[in-house]
Structure formats: C-alpha cells, structure tokens
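Participant: Sharing a structure with you now.
Please treat every number below as a calculation from the coordinates, not as lab data. If you're wondering where the values come from, they're calculated on a predicted model, not measured in any experiment. A quick note on method: Cβ atoms are made from the backbone with ideal geometry, for glycine too, and the neighbour counts reach across all protein chains shown.
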Amino acid sequence: MQGQLKLYRTSPDGNEVIIDLLEAGMTFGETRVFLEDHQFHVSCAALAEAEVAAVDLPTFLALLRDSVDTCLLLLRRISERAERHVDDIERLALQGGACRVASYLLGQLPPSRSEYRLTVAKGVLATRLGLRAETLSRILKQLNADGIVSVSSGNIVRIPSRQKLQRFIEQAGKA
C-alpha cells in the first residue's frame, strides 16, 4: 500500500538475488494460489518503512469467482510481470554491466525530464542488476566522466541527453 519492497532469494553461500522491486500498488504472491505447492519460493523485505495488505485465500478466490474484470486485471498484471522477467533474463544473459545500468537509468527517466531521484539504494540496485556494488560505482563514475549520466548526492540522476544515453546503450549492447 505504501513503501518499497524487494522480492529476493538467498543462495546457500549467502548471496542475494533480487527477483523484483515493488512499489506501492503492486501485488505479489497471487500466482501461488494456482499451484499445488502454495509455499513461496522467494523472500520479501521492506526497503524502507512500508505498509502491506494481505488478503486471505478464501476471500481472494471468492473475489476471482465473482468478478471477471478482477480476473482479467489479475491476468494482465501477471502477464506484465512475466514479460518483465523475460526482459530481465535477456538483459542479465546478453548485456554487459554498463549496458544494464544505462538501460535501467534511462528506463526510470520520466518523459520530458532530464533528472529524477533514484528511489532505490545503490547497493540494492547493484544486486537487482546482477552486479557488485563496486562494479556499479565504477560504471557510474565512467558514465559521469563521459558526460552521459551523473548521480549526485541525494541520488539525483541527471541525464543531459536522452539520445546520447540511448546511443551508449545501443553501442554497449553490440560490444
């Protein structure tokens, strides 16, 4: 309902992989009701103060039985999430670190703006992008030195030229 959450898994050796970052209004866990194994295979943690609403299974199923519109909305959200995960897998498998960082930063930039506040901590962002924190810092320093992106104190991301960043992504993707 408010705040920011991360869905993650932890490997046996203690490494964390962030599966998804959730903003207020997003749902999670609803797909488990359609499977025989209702156990969650990811953990959830608040990244800052958050308020989460839970719906018990009988109420959720009754709502789905009573409302075709709710079912269609749920299917759309599940489909959108699945598409995002396919995109994530593609990025992690096929793009280098600099390309992943640049693509993420560009994807967060609101239309007709050149700056925004990064709402997720850099350590969390690094994990989400499949990078080490030091690697993310090195990439951000290089993007800053090249005049493509700057991240100032307060996590303000400035992108002087959307086109220049897009060209960088295209070139990095070919490398």
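Participant: Can you bin the stretch 39-89 into rounded, prolate or oblate? Criterion: square roots of the alpha carbon gyration tensor eigenvalues sorted a ≥ b ≥ c, rounded for a/c under 1.5, prolate for a/b above b/c, oblate for the rest.
Facilitator: Verdict is oblate for the stretch 39-89.
Participant: For Glu90 and Thr70, what is the calculated FRET efficiency with R₀ set at 30 Å and r taken between the beta-carbons, to the nearest 0.05?
Facilitator: 0.45
Participant: Quick one: what are the phi-derived ³J(HN,Hα) couplings along the stretch 137-146, Karplus 6.51/-1.76/1.60 with θ = phi - 60°, whole Hz, x for glycine and proline?
Facilitator: Those phi angles translate into 4, 4, 5, 4, 4, 5, 4, 5, 4, 7 Hz.
Participant: Which label belongs to the value computed from this structure, given these candidates for semi-axes √(5λ) of the Cα gyration tensor in Å: (1) 33, 18, 16; (2) 37, 22, 13; (3) 51, 27, 18?
Facilitator: Computed from these coordinates, semi-axes √(5λ) of the Cα gyration tensor in Å corresponds to label (1).
Participant: What percent do you get for the relative contact order of the stretch 59-175 when only Cα pairs under 8 Å and 6+ apart count?
Facilitator: The value is 26 percent.
Participant: Using each residue's phi in the stretch 74-84, evaluate 6.51 cos²θ - 1.76 cosθ + 1.60 at θ = phi - 60° and report the 3J(HN,Hα) Karplus result to the nearest Hz, with x for Gly and Pro.
Facilitator: With coefficients 6.51, -1.76 and 1.60, one gets 4, 4, 5, 5, 5, 5, 4, 5, 4, 4, 4 Hz.
Participant: List the residues, sorted by chain then number, that are 5 or more residues from Gln4 or on another chain and whose placed amide H is less than 5 Å from its amide H.
Facilitator: Leu47, Ala48
Participant: Going by how many other Cβ atoms sit within 10 Å of their own, how do Asp13, Asp20 line up, fewest first? Walk me through the intermediate numbers first.
Facilitator: Working: Asp13 5, Asp20 17.
With the sparsest Cβ surroundings first, the list reads Asp13, Asp20.
Participant: Same structure again: Order by neighbour count: Cys71, Cys44, fewest other Cβ atoms within 10 Å first, most last.
Facilitator: Ordered from fewest to most neighbouring Cβ atoms within 10 Å, Cys71, Cys44 come out as Cys71, Cys44.
Participant: Would you compute, from DSSP H runs of 4+ residues alone, the mean residue ellipticity of the chain at 222 nm, taking -39500 (n - 2.57) per run and dividing by the full residue count, rounded to the nearest 500?
Facilitator: -15000 deg cm²/dmol
Participant: Distance between Cα centroids, the stretch 38-77 to the stretch 150-171: provide it in whole Å.
Facilitator: 35 Å
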